[in-house]
1. Would a scan of segment 152-159 turn up a residue that is small (Gly, Ala, Ser) and touching a residue at least 40 places away in the same chain (Cβ under 8 Å)?
2. What number of residues within segment 49-86 satisfy the criterion of being touching a helix residue (DSSP H, G or I) at 6+ places or on another chain (Cβ under 6 Å) and loosely packed, with under 14 Cβ neighbours inside 10 Å?
3. Please state which one of Leu136, Leu117 is surrounded by 14 or more Cβ atoms within 10 Å (Cβ to Cβ) and either outside any helix (DSSP H, G or I) or out of contact with any strand residue (DSSP E or B) (no Cβ under 9 Å at 6 or more places or on another chain) (or both).
4. Taking segment 140-194 only, how many residues are in a helix (DSSP H, G or I) and touching a Phe, Trp or Tyr at 6+ places or on another chain (Cβ under 7 Å)?
5. Conditions: (1) under 22 Å from the mean Cα position of the chain (by Cα); (2) modelled with pLDDT of 95 or more; (3) polar (S, T, N, Q). Thr126 meets all but one. Number of the miss?
6. Could you please find all residues in segment 156-193 being surrounded by fewer than 18 Cβ atoms within 10 Å (Cβ to Cβ), at pLDDT 95 or above and charged (D, E, K, R)?
7. Determine if segment 162-176 includes at least one residue that is among the acidic types (Asp, Glu) and within 23 Å of Ala94 (Cβ to Cβ).
Amino acid sequence: KESELLTTSNTIYPSCDVNPRLTVASVDLPPASPVPTMSSLQQKKQELMLRLSKKLSVLRSESVAVSEEISVNEALGVTVTERVEKVARSQEVAKFRLHVKEVGHITSLLLSLSGRLARAENALLTLSTNHQDRKLYEEKRDKLLCQLNEAKQLKSNIDQRSNNVSSMLYNYLTGEEYADYDHFINMKSKLLVDSREIAEKITLGEEQLAALKETLDQVR
């Protein structure tokens, strides 16, 4: 949001008894800032749009890179799973598969609930205390907050089961194989978070770019 700044300077009328130092100092005062013209404001908007476009290009490249990392990590997960199926009992394999599934599910759930809660809280900030929709948004926020707390408790339970799965795998896998599992399971969560954060930044950047373009089109 650009604001126009109009700066005025006082005219100085030196008399015969004015201190020379003050007179010199007054001459050195910076000139008044020019009033931004409509064309200069439009140019600044265009420059901002260009920077946003470049940033979006970088973010999209990062999104592609993260997607490739996810594919590589999932391939590693397949290799680990195949190894576990060969050395562990069927019941233990089932526990391992369930744990991998739970890690992906709880990470996605926490990201989704956190994002929705943030949007609900931001919406409340824009509403006055007596707005007709405020109660509706407050109820939505409270419900999401409750769901988020439940999801955090679920994650805590999954983390506890993760220790049991790790102990089981440690008995079956070599040091290198276990390191592959540890890398796979940790990166599974991290890459999901990275992917969501980049996607949200891209969405925000696209919205800002569209808003700037709309203001430019209105002037033309």
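1. In the first step, residues of segment 152-159 are kept if they are small (Gly, Ala, Ser); the result is 156.
Going one step further and asking which of them are touching a residue at least 40 places away in the same chain (Cβ under 8 Å), we end up with none.
The answer is no; no qualifying residue exists.
2. 1
3. On the way: Leu136 fails: surrounded by 14 or more Cβ atoms within 10 Å (Cβ to Cβ).
Residue meeting the stated conditions: Leu117.
4. Let us first name the residues in segment 140-194 that are in a helix (DSSP H, G or I), namely 140-172, 175-194.
With touching a Phe, Trp or Tyr at 6+ places or on another chain (Cβ under 7 Å) added as a condition, the list becomes 165, 169-170, 178.
Final tally of qualifying residues: 4.
5. Tallying (1) under 22 Å from the mean Cα position of the chain (by Cα); (2) modelled with pLDDT of 95 or more; (3) polar (S, T, N, Q), Thr126 fails exactly one: (2).
6. Those that are surrounded by fewer than 18 Cβ atoms within 10 Å (Cβ to Cβ), at pLDDT 95 or above and charged (D, E, K, R): Glu176, Glu177, Asp180, Asp182, Lys190.
7. So the first thing to find is which residues in segment 162-176 are among the acidic types (Asp, Glu), and the list is 176.
Right, trim to within 23 Å of Ala94 (Cβ to Cβ) and you get none.
No; the residues of segment 162-176 include none that is among the acidic types (Asp, Glu) and within 23 Å of Ala94 (Cβ to Cβ).
The values are calculated or read from the model by the stated rules, or taken from the named source; none is laboratory data. Predicted model, so just to flag it, every value in this text is computed and none were measured. So basically every Cβ, Gly included, is an ideal-geometry build from the backbone, and we count neighbours across all protein chains shown.
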